[in-house]
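Visitor: Quick one: the structure is below, and I'll ask about it shortly.
The values are calculated or read from the model by the stated rules, or taken from the named source; none is laboratory data. It should be emphasised that the depicted structure is a prediction, and the values quoted were computed from it without experimental measurement. Cβ sites come from the backbone with ideal geometry, for glycine too, and all protein chains shown count toward neighbours. The accessibility values were calculated without ligands, DNA or RNA, using every heavy atom of the protein model including side chains. Shrake-Rupley method; radii C 1.70, N 1.55, O 1.52, S 1.80 Å.
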Amino acid sequence: MSSNPGRKWPWIVVGGILGVVGLSYWTVKIALDNPVQMSDLDMQDYRHFEHDANTIIRNKIAFDKQYELTYVTETFKADGATVKFRLLTRDGAPVDDANITLRLTRPGTHEFDMPVGIGTVESGIYTFETVTLPKEGRWDILAQVNIGDDKRYLNLKADTRYPNVFEY
């Protein structure tokens, strides 16, 4: 008795085609369930950032030659996050007339983006409104500082589980 090897080939081809179709469907489903988020580096979408990268870097260097911007938040916690920055000239004089825009966001998603308004400004200390964060964990603190024609972006990483730790 000899088996006919020609009868197995159609099933192998059909199985291969079904496997490719199944894996393609799975890839598309995963991609739709997990969409890629637009980058918000320096509070602008990646197309503008890439186009203006050299200008942004020159602005940062020029700003840092004239001013010292420091993150001075005591603790960063989910049940009452207050963000503070100190802005001084390089001579040590406080700057109270800057326009600072602040946004709290989660890494990798825009689902929890929260713009935060300035509460008070006193002796160069900019205190932003206290907000309750919807989730514990890592947060990006994005700030844009404008003083006249001088502009600076700041992107900090903070974690509510370690309220005294942050990363520039």
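Visitor: Assuming Ile118 fulfils every condition listed in (1) of a type outside the set (D, E, K, R); (2) open to solvent by less than 30 Å² (accessible area, probe 1.4 Å); (3) over 20 Å from Asn164 (Cα atoms) apart from one, which condition is it?
Guide: Unmet condition: (2).
Visitor: Answer yes if at least one residue in segment 41-57 is at pLDDT 85 or above and open to solvent by 90 Å² or more (accessible area, probe 1.4 Å), and no otherwise.
Guide: Yes, that holds for at least one residue.
Visitor: If you don't mind, there's one more thing I want to ask. Collect the residues in segment 65-81 that are more than 14 Å from Arg152 (Cα to Cα) and either more than 24 Å from the chain's Cα centre (by Cα) or open to solvent by 30 Å² or more (accessible area, probe 1.4 Å) (or both), keeping them in residue-number order. Can you show your working first?
Guide: Residues of segment 65-81 more than 14 Å from Arg152 (Cα to Cα): 72-81.
Matches in segment 65-81: Val72, Glu74, Thr75, Lys77, Asp79.
Visitor: Give me a count of the residues in segment 123-151 that are open to solvent by less than 50 Å² (accessible area, probe 1.4 Å) and over 16 Å from Val72 (Cβ atoms).
Guide: 10
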